[in-house]
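Throughout, read-outs are computed from the coordinates displayed, never taken from laboratory work. This one's a predicted model, so the numbers in the text were calculated from it and none came from an experiment. Positions of Cβ are backbone-derived with ideal geometry, glycine not excepted, and every protein chain shown enters the neighbour counts.
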């Protein structure tokens, strides 16, 4: 984590008088909002006092309490990482309806037992200042909230209707952006906002952006799709055009939209901080460095509306916020979603065929450069998602990515289905079948077994070997033979590539890149680079932006200029890049492809069957 409550100096905390005023303001907002949310039982208010101090002031009102109540803070949300949000809480207190202090006993790292009733009001502050869709952030420009990272819950009352009110005396230009049911009221110079949902789970599955944003609606799309952007240096026309193509294609592919309205929330920041995307039931939050990157991430996140949010593995239900939830299905939920993100790009014309082939070759390159592919299956990679917060685990010798191999498995399975059916059926039919037979019937699928069974039902052939070898197993993927069925060839060459001489790891949901290992006797080691150094710049550019492309854009012997942070000092290092021999992969059409191979190839690129 980049920051937590303990890192903020005590002197930055707001005064008791300021906090009281904020809570009073929030309670006024709650009264205004509650009249529009009469079905709610457990109610929250969130106030923003001195947003530059990054503390949300939270009040939780719990009625119908008999003798006492237990509250809990989620240990994880938005991604498969135990992040212990309770560690960010300060000064948790409770009072009854007469504002009498109640006994509060903490029983574990994220659970409190409060004695009293019949109404309990809990208050606390929670510190958040992390950019990106997986975190929350409060500063002078906006408040972005993944509500499960901010709001505690009553474990045995999660199914009750809830409401949240936001009271703010900040700029009148701030707007509330969310896909949740919302309400806005003004009183004097202040503006109050509120949202409500049918349950805690539904509430925290909708991120909230409150700040200065540019908003617009995608033209010609029904049900309505809204877009809001916090940031700068993006092309509105290009973003609107790209999103419209993605939304229209993926919705038509899956036979209609599963929502009444949908909300994109973008944070576009050229620094590279907080990149990535997080799917939600009727919305997504995306951090990107450019318009092009925002569209690419959106192609993945929008398809999650079906794959994982509705076509969902039983192993992820019901949600348990207190501990890890293990599933073997992330190769499908995430990896095959990446397959469809690439399909959406090429099938809408955002990519040409060569760009699609290049992306496919890059996925092959990534997997083949990870020795762990020889012993870790993509199902095991799914189970180990909870280890990804540890830098060493992410190194090539320790793990593969279920995104990466899952995307390749999805593509290869599509080719095999098309080949077995003379291009009359495809992976598209598998996705639609899962949507009809599981998502729309409120059923959850049984990990890889139901995926395999659905694919076999569509294709009329067995895929036991495929799932045994390439999903549950660690056999090398059959690139050459399977690509040939689609009139494609894999061209492999060897070349000398610049070698930086060190490996890195990126802190979760942050912009900090740490040196995880330095090659023994390398120029980097001789120049004084240490494991644990934090990279600031590479050749004068932010390291987060320059690191990946540097070896491809330079030659062995070129000078590497680093600025690193070590403890409290910044150090400049310079050394010559080393050399390493690498295999490079390229995917290209076969010139002598048969008529069937050409039909399959065009079917993949255009999303068509015969």
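Extension gain, residue 115 to residue 240, is 39.7 nm, computed as 0.36 nm per intervening residue step minus the present C-alpha separation. Taking the convex hull of the alpha carbon positions in region 429-542 and averaging its projected area over all directions gives 12.8 nm². Peptide packing: for 475-485, 151-161, the average count of neighbouring Cβ atoms within 10 Å per residue gives the ranking 151-161, 475-485, highest mean first. What's the FRET efficiency of residue 352 with residue 441 using the Cβ-Cβ distance as r and R₀ = 45 Å, to the nearest 0.05? About 0.70, to the nearest 0.05.
As a rough footprinting exposure proxy, the listed residues 447, 558 were ranked by other beta carbons within 10 Å of their own, and the order from fewest upward is 558, 447. Computed from Cα atoms, the angle from the helix 447-459 axis to the main principal axis of the chain rounds to 50 degrees.
The mean sequence distance of close C-alpha pairs (under 8 Å, at least 6 residues apart), as a share of the length of the chain, puts its relative contact order at 11 percent.
Here each label is just a point 7 Å from Cα along the line to Cβ, and for residue 41 and residue 393 those points are 3.6 nm apart. The angle between the Cα long axis of helix 337-347 and the main principal axis of the chain comes to about 70°, on a 0 to 90 degree scale.
Judged by the mean number of other Cβ atoms found within 10 Å, the most tightly packed of the peptides 96-102, 122-128, 544-550 leads the ranking 122-128, 544-550, 96-102. Think of it as helices only: each DSSP H run of n ≥ 4 in the chain is worth -39500 (n - 2.57), and spread over all residues that comes to -8000 deg cm²/dmol at 222 nm.
Take each peptide in 327-333, 245-251, count the other Cβ atoms within 10 Å of every residue, and average; sorted highest first, the result is 327-333, 245-251. Relative to the dominant Cα principal axis of the chain, helix 16-34 is inclined by about 80°. A straight chain from residue 610 to residue 565 at 0.36 nm per residue would run longer than the Cα-Cα distance by 10.4 nm.
Segment residue 474..residue 101, full-extension length gain: 128.4 nm, with 0.36 nm per residue of separation and the alpha-carbon distance subtracted. The modelled label-to-label distance between residue 596 and residue 212, using points 7 Å beyond Cα along the C-beta direction, is 6.2 nm.
The fraction of Cα-Cα pairs per 10 angstrom bin, counted from 0 for region 213-305, comes to 18, 57, 23, 2 percent, rounded to whole percents.
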